[in-house]
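The values are calculated or read from the model by the stated rules, or taken from the named source; none is laboratory data. The structure displayed is predicted, hence computed values, not measured ones. Neighbour counts run over all protein chains shown; Cβ positions are idealised from the backbone, glycine included.
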Ligand code: SF4
């Protein structure tokens, strides 16, 4: 993408989505980590349906670390891979209590040492906490990066590297949220609404 088009992309997305934020519901870092772990391969909407009961029952890492597996499974049953995720949530609760004083760690290495926390989840946490600039690539960003000609990467890691090269780190967090907004509202996987899309003039995939 040329610098001129890149500028238009950033400006247009900023005008379309002036308040970039996560669509997951959370009130603190503990809830952020748990919600992001649940959101892997699952919609934010579904996660937001189960977290009120989960956070009420287990308001912190200590409570979660002492949870019974069957109880957590019952609460998060609507979530994809709920059995594996239930095990990981409890194990992460224990690790957080034992190794991180019941806090969410601040480094990528520490985060990815927690059960069920991969590269993308760690980057989302770091980006939201504002500790380290990160550009997590989910399914929407992966799709839009290809359609907009920002990357030809075959894996999320490759796409993330291309996006980091393409934009200054100060833009990463906002662009991350804005591209997801656009992917959910306009540039859907099956039926992109190119005719109504404000990025049409700079998009090589516009139909
Ligand atoms: S023009 Fe079409 S393909 Fe390009 S970003 Fe917009 S909706 Fe997506």
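Please work out which residue is nearest to the chain's Cα centre (by Cα), limiting yourself to segment 75-85 and to residues that are surrounded by 14 or more Cβ atoms within 10 Å (Cβ to Cβ) and more than 16 Å from residue 121 (Cβ to Cβ).
The qualifying residue nearest to the chain's Cα centre (by Cα) is 82.
Table: residues versus (1) modelled with pLDDT of 95 or more; (2) touching a helix residue (DSSP H, G or I) at 6+ places or on another chain (Cβ under 8 Å); (3) not assigned by TED's automatic domain parsing to the domain that holds residue 177.
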{"position": "13", "(1), (2), (3)": "yes, yes, no"}
{"position": "49", "(1), (2), (3)": "yes, no, yes"}
{"position": "62", "(1), (2), (3)": "yes, yes, yes"}
{"position": "65", "(1), (2), (3)": "yes, yes, yes"}
{"position": "78", "(1), (2), (3)": "yes, yes, yes"}
{"position": "91", "(1), (2), (3)": "yes, no, yes"}
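For segment 6-38, how many residues are surrounded by 20 or more Cβ atoms within 10 Å (Cβ to Cβ) and within 18 Å of residue 90 (Cβ to Cβ)?
The total comes to 7.
Only one of 132, 124 is under 28 Å from residue 1 (Cβ atoms), in contact with a helix residue (DSSP H, G or I) (Cβ under 8 Å, 6 or more places away or on another chain) and surrounded by fewer than 22 Cβ atoms within 10 Å (Cβ to Cβ). Can you tell me which?
Answer to the check: 132.
Output the qualifying pairs, or none if there are none: Cβ atoms under 9 angstrom, residues six or more apart or on different chains, first residue in segment 187-198 and touching a residue at least 60 places away in the same chain (Cβ under 8 Å) and over 14 Å from residue 146 (Cα atoms), second residue part of a helix (DSSP H, G or I) and near the ligand (Cβ under 8 Å from one of its atoms).
Pairs found: 198/182.
So that you can scan it fast, the table gives a plain yes or no per residue for (1) surrounded by 17 or more Cβ atoms within 10 Å (Cβ to Cβ); (2) over 18 Å from the mean Cα position of the chain (by Cα); (3) farther than 25 Å from residue 41 by Cβ:
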| site | (1), (2), (3) |
| --- | --- |
| 143 | yes, no, no |
| 155 | no, no, no |
| 163 | yes, no, no |
| 176 | yes, no, no |
| 182 | yes, no, no |
| 189 | no, no, no |
| 206 | no, yes, yes |
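Which residue pairs have Cβ atoms closer than 6 Å, lie 6 or more positions apart in sequence or on different chains, and pair a first residue in segment 131-159 that is closer than 18 Å to residue 199 by Cβ with a second residue that is in a helix (DSSP H, G or I) and within 14 Å of the ligand (Cβ to nearest atom)?
140/180; 140/183; 141/179; 144/179; 144/183; 151/145; 159/142; 159/145
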